[in-house]
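**Q** Mind having a look at this structure? Questions to follow.
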Ligand SMILES: [Zn+2]
């Protein structure tokens, strides 16, 4: 099956992650408009979007993009909602996200975050506020490309519950007994699913977000 999809690329809101202003590189942005033809010929990509769709996620597959300088978004999707036990969970402010990462993220949101919100905070999760995914940049202080430059990382800023409460990483990590417990629980569950997880205890650059990165490693801080 071959489908051609017209995708409206939104300007990407890209946030810093472990990069001080001095080391921040110019950020590549996707075009503000464009027509994408998704490479459905790749079996792994096809299988990935099938799984993502079956999980209840709402998303649009994106055409492969090469931005130069080692930065690219391949087999990626624009993810707007992930499936939850009680209904869709909104995800805000994401740019392109590699499909395998999107699947891991969707499972974490449902089983690691929404269920923790109900158990610990007594309310279902409504929304996950991210600080972006794709961004052409290096790991701070190195010449190595960040997983963000491959659309394989997401920065999480806050969780909004159905009862209206907003639990931000910045304000909740070290204040409020329940908020602390919730954020540490979702951090722990992220460590079981993602290759690299960095939070406020790692360094000051991560004081306001959780960095979740696709991979087989187990770097959890
Ligand atoms: Zn990050």
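Read the figures in this text as sums done on the coordinates, not as results from a lab. Predicted model only: the values in this text are computed from it and were never measured. We place every Cβ from the backbone using ideal geometry, glycine too, and count neighbours over all the protein chains shown.
**Q** What list of whole percents do you get for P(r) of region 141-221, with Cα-Cα distances grouped in 10 Å bins up to the one holding the largest distance?
**A** P(r) over region 141-221, rounded to whole percents: 18, 50, 26, 6, 0.
**Q** Can I ask one more? By how many nm would the segment from residue 201 to residue 139 grow when fully extended, if each residue of separation counts as 0.36 nm and the alpha-carbon distance is taken off?
**A** That pair, residue 201 and residue 139, stretches by 20.6 nm at full extension.
**Q** How high is the relative contact order of region 165-210, in percent, counting Cα pairs under 8 Å that sit 6 or more residues apart?
**A** Rounded, it is 38 percent for region 165-210.
**Q** Could I have the simple spin-label model distance between residue 41 and residue 218, label points 7 Å from Cα toward Cβ, reported in nm to one decimal?
**A** Rounded to a tenth, the inter-label distance reads 4.0 nm.
**Q** Okay, moving on. Antiparallel DSSP bridges in region 43-220: what percent, to the nearest 5?
**A** 85 percent
**Q** Along each of its three principal axes, how wide is the spread of alpha-carbon positions in region 43-220, in whole angstrom units, largest first?
**A** The Cα atoms of region 43-220 stretch 45, 39, 25 Å along their principal axes.
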